[in-house]
Structure formats: structure tokens, C-alpha cells
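One structure is given here, and the rest of the page talks about it.
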Amino acid sequence: CPTAADLRPVNGTRICAQLYTDNSPYYDQCCAGDVLVVEPGSDVPYMPRQWSGEVSSLVVGTRCELNVWSRKGKKGNTRRFGA
């Protein structure tokens, strides 16, 4: 997986988080599969349809916090992830 500080594309803009569809008990095989990029300041109450229930690993950038909910529309239980 990339480190929190690595979430910076070539053009230098910041990425707050990357979510991945594939995970593994072996660290070198984690953070694989499709990638969903979360931009700073994003407020997305609904996951894209193909991503619902598919995220298995994630990396959150420095100075960012990712809040997720167990139900659509920001309902249900919430959890916060940071770097």
C-alpha cells in the first residue's frame, strides 16, 4: 500500500484517500484491484453503484479524515479513518 504521504499525484495536487477493491492477508498484496480516489473536501453521501460493499482496503492521506457510514445517505453507524 502507498503511505499516507504518497497520496500526491504527479501534478502535485493532494489526494485525501484511496479505496481499493482487493485485499490480502499478505501486506505486499494489499491495496490492489480497482481504485476510488477521494479528493480533499469531497462530500459524497452515496457510493458509486459498483463500489457499494466492495471496499476492502484504504489509505488516508496526511491531514485528512475519511468518514464512512454503514447505510446510504449518511445514515447508520459511522466510522472515521485518518492517516
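The values are calculated or read from the model by the stated rules, or taken from the named source; none is laboratory data. What you see is a predicted model; the values in this text were computed from it and never measured. Counting neighbours? That spans all protein chains shown, and the Cβs are built from the backbone with ideal geometry, glycine included. Accessible surface is based on the protein model in full, side chains and every heavy atom, while ligands, DNA and RNA are left aside. Shrake-Rupley method; radii C 1.70, N 1.55, O 1.52, S 1.80 Å.
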Residue under question is A32, and the condition is that it be touching a strand residue (DSSP E or B) at 6+ places or on another chain (Cβ under 8 Å), within 21 Å of E65 (Cβ to Cβ) and of a type in the set (G, A, S); does it hold? no
Odd one out for M47, checked against (1) hydrophobic (A, V, I, L, M, F, W, C); (2) open to solvent by 30 Å² or more (accessible area, probe 1.4 Å); (3) farther than 18 Å from K72 by Cβ: (3)
Residue count, segment 66-77 (criterion: surrounded by 13 or more Cβ atoms within 10 Å (Cβ to Cβ) and either in contact (Cβ under 8 Å) with a residue 12 or more places away in the chain or closer than 23 Å to T13 by Cα (or both)): 3
Would you pick out the residues in segment 9-40 that are in a loop (DSSP other than H, G, I, E, B) and in contact (Cβ under 8 Å) with a residue 12 or more places away in the chain? R14, I15, C16, N23, C30, C31, E39, P40
Would you point out which residue out of R80, R63 is open to solvent by 100 Å² or more (accessible area, probe 1.4 Å), modelled with pLDDT of 85 or more and part of a loop (DSSP other than H, G, I, E, B)? R63
